[in-house]
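Heads up, the thing below is written out as structure tokens.
The values are calculated or read from the model by the stated rules, or taken from the named source; none is laboratory data. Since the structure is predicted, the reported quantities are computational estimates derived from the model, not experimental observations. Positions of Cβ are generated from backbone atoms using ideal geometry, with glycine treated the same way; all protein chains shown enter the neighbour counts.
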Amino acid sequence: MLLSPYWSDLSKHRRKGWSTAVVIAFSLVLVYTGTSGRRATSTTLFLPRSIMSSSEGTSGASGAVVVYVTVPSQEVAEKIAALLVNPDHRLAACVNIVPGLTSIYWWNGEVQKDSELLLMIKTETRLVSNLTEVVKSNHPYDECEVISLPIVGGSASYIQWIHNSISG
């Protein structure tokens, strides 16, 4: 994951009450091709803790998580997504498939660069272990990315929808 130049200012933003997780989660790299043919613009969005815990949303741990999984193709993305939201298993309420990622990483002692897609999976903390097993058994990579981040704020009704969708 590429972090913006603002990452070096983390301590300044933490003093303002912004959590490390918020800085990481919203430190996005936006890749676009404009009319001038330029590529790769970095944008960082910092949200104050007051927004994350407003009366409109929830504060603290909600029991819900977002799981990130990178995949090499649309076919693999749709296969894994369908398995996770399958009504017989209910391991996820929703899977977003985000195309157009470029991943640069270390593998076997060398820097690699690949085009990938990102799965953004909304589920519950208690299901991450089972979800990870399903992903790993249906993923073509030797070591696939499966990481979960807690949902610590947001729309209370959306977070409730995640729980309701998984419970049936």
**Complete:** Checking ALA21, ALA25, ALA92, ALA82 in turn, the sole residue that is surrounded by 19 or more Cβ atoms within 10 Å (Cβ to Cβ), within 30 Å of ALA156 (Cα to Cα) and either at pLDDT 95 or above or not assigned by TED's automatic domain parsing to the domain that holds SER155 (or both) turns out to be ALA92
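Which residue is surrounded by the fewest Cβ atoms within 10 Å (Cβ to Cβ), if the candidates are limited to the range 143-168 and must be of a type in the set (Ser, Thr, Tyr), in a helix (DSSP H, G or I) and modelled with pLDDT of 95 or more?
Among them, the one singled out is SER157.
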**Message:** Given (1) out of contact with any Gly (no Cβ under 7 Å at 6 or more places or on another chain); (2) closer than 12 Å to VAL65 by Cβ, identify the lone condition not met by ALA81.
**Reply:** (2)
**Message:** Given the criteria under 19 Å from GLU78 (Cα atoms), surrounded by fewer than 17 Cβ atoms within 10 Å (Cβ to Cβ) and basic (Lys, Arg), does LYS113 qualify?
**Reply:** no
**Request:** Could you give me the residue pairs with C-beta distances under 6 Å whose first residue belongs to the range 128-152 and is within 19 Å of SER62 (Cβ to Cβ), whose second residue is in a helix (DSSP H, G or I) wherever it lies, and which are 6+ apart or on separate chains?
**Result:** SER148/VAL128
**Prompt:** Out of all the residues in the range 61-99, which are farther than 21 Å from ASP142 by Cα, touching a strand residue (DSSP E or B) at 6+ places or on another chain (Cβ under 8 Å) and touching a residue at least 40 places away in the same chain (Cβ under 8 Å)?
**Reply:** ALA61, SER62, GLY63, ALA64, VAL65, VAL66, LEU91, ALA92, ALA93, CYS94
**Prompt:** Of all residues in the range 102-142 being part of a strand (DSSP E or B) and of a type in the set (Val, Ile, Thr), which is nearest to LEU91 (Cα to Cα)?
**Reply:** THR123
